[in-house]
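Down below is the structure, laid out as structure tokens.
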Amino acid sequence: MEALASSELRALGMQPGAVGEGGVPFATTDAGLFAANLWLRTASRVVVRVAEFRTTAFHELERFSRGVEWERFVARGGAIRLRVTCRKSRLYHSDGVAQRVAGAIAKRVPGVTLAGAAHEEDDDAAGEPPQLFLVRFLHDVCTISADSSGELLHRRGYRLATAKAPLRETLAAGVLMAMGWEGQEPLLDPMCGAGTIPIEAALIARGIAPGLARAFACERWPSAPVAAFDALRAGARAASLPRARVPILASDRDA
């Protein structure tokens, strides 16, 4: 999936770096960040690296964390969630790390509230989540990232109910892209289940941005250029084709 995401980023005019552990780094502007959320079909989330420093003591962690511009990503009185992982580091107590980082955020952003520790299962929770910050310790290096997506990007905004054993939309899009299917030839899925593959195929065939029907966390950032984001969304909507050029057929024995 990382290789497919790299290909998608290049198609958006960005230059991805080397594929890392579970992700692809790239540098971009505010507009590019929004475009990545709007158009990437195979990515789960887009995060912004906001700080990286080496520390082996809690007082150092507090000092470095107070220097992060948290106010760029969460408004006064906003809610935050922290996901902390610690590996091969002297600061290995994730709750202790979360406490110091949360305290640093509270000092810079008045009225901010901590919505509790973030867990992987929270990723599938519907609705507008608190602003998520990812704090990762590895070999005594602390990397802090702000989640710009909000709900995971497989939540396209079109599905109102979940069927049994659902196929994630990002995986369905990845299957189609790995096949080289670009909407130029008919597609038949006779055992489509909830229809994820043919729906993703229709989005590709009509040139519809996968994130067109949803919002992103970066739109709520105090520093967000909202007018520019609205223009990008409007441009994506205008570029959509009224219908696919080829038949896309789907069926399943379960109505």
Please indicate, with yes or no, whether at least one residue in region 200-214 is within 29 Å of residue 68 (Cβ to Cβ) and either buried (at least 16 other Cβ atoms within 10 Å of the Cβ) or not polar (S, T, N, Q) (or both).
-> yes
Here is a list of conditions, (1) modelled with pLDDT of 95 or more; (2) in contact with a helix residue (DSSP H, G or I) (Cβ under 9 Å, 6 or more places away or on another chain); (3) open to solvent by less than 60 Å² (accessible area, probe 1.4 Å), and residue 94 meets all of them except one; can you say which number that is?
-> (2)
Do any strands (runs of 3 or more DSSP E) lying entirely in region 131-192 carry at least 3 residues that are more than 14 Å from the chain's Cα centre (by Cα) and of a type outside the set (Asp, Glu), and which ones are they?
-> 131-138, 141-147
Could you list all residues from region 215-234 that are open to solvent by less than 50 Å² (accessible area, probe 1.4 Å) and part of a loop (DSSP other than H, G, I, E, B)?
-> 216, 221, 224, 225
Looking only at region 171-184, which residues are surrounded by 11 or more Cβ atoms within 10 Å (Cβ to Cβ) and within 14 Å of residue 247 (Cβ to Cβ)?
-> 181, 183
Unique match (being farther than 28 Å from residue 214 by Cβ and touching a Ser or Thr at 6+ places or on another chain (Cβ under 7 Å)) among 100, 45, 63 | 100
Can you find a residue in region 24-37 that is within 26 Å of residue 116 (Cβ to Cβ) and open to solvent by 10 Å² or more (accessible area, probe 1.4 Å)?
-> no
Considering only residues of region 185-199 that are closer than 19 Å to residue 254 by Cβ and touching a strand residue (DSSP E or B) at 6+ places or on another chain (Cβ under 7 Å), which is surrounded by the most Cβ atoms within 10 Å (Cβ to Cβ)?
-> 197
Filtering region 60-100 down to residues that are aliphatic (A, V, I, L, M), touching a strand residue (DSSP E or B) at 6+ places or on another chain (Cβ under 8 Å) and in contact (Cβ under 8 Å) with a residue 40 or more places away in the chain yields 61, 68, 74, 79, 80, 82, 84, 91, 97
Tell me, which residue of region 44-55 that is open to solvent by 50 Å² or more (accessible area, probe 1.4 Å) and closer than 14 Å to residue 137 by Cα is farthest from the chain's Cα centre (by Cα)?
-> 54
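The values are calculated or read from the model by the stated rules, or taken from the named source; none is laboratory data. Since the model is a prediction, treat every value here as computed from it, not as a measurement. Ideal geometry is used to build each Cβ from the backbone, glycine not excepted, and the neighbour counts take in all protein chains shown. For accessibility, only protein heavy atoms count, side chains too; no ligands or nucleic acids. Shrake-Rupley method; radii C 1.70, N 1.55, O 1.52, S 1.80 Å.
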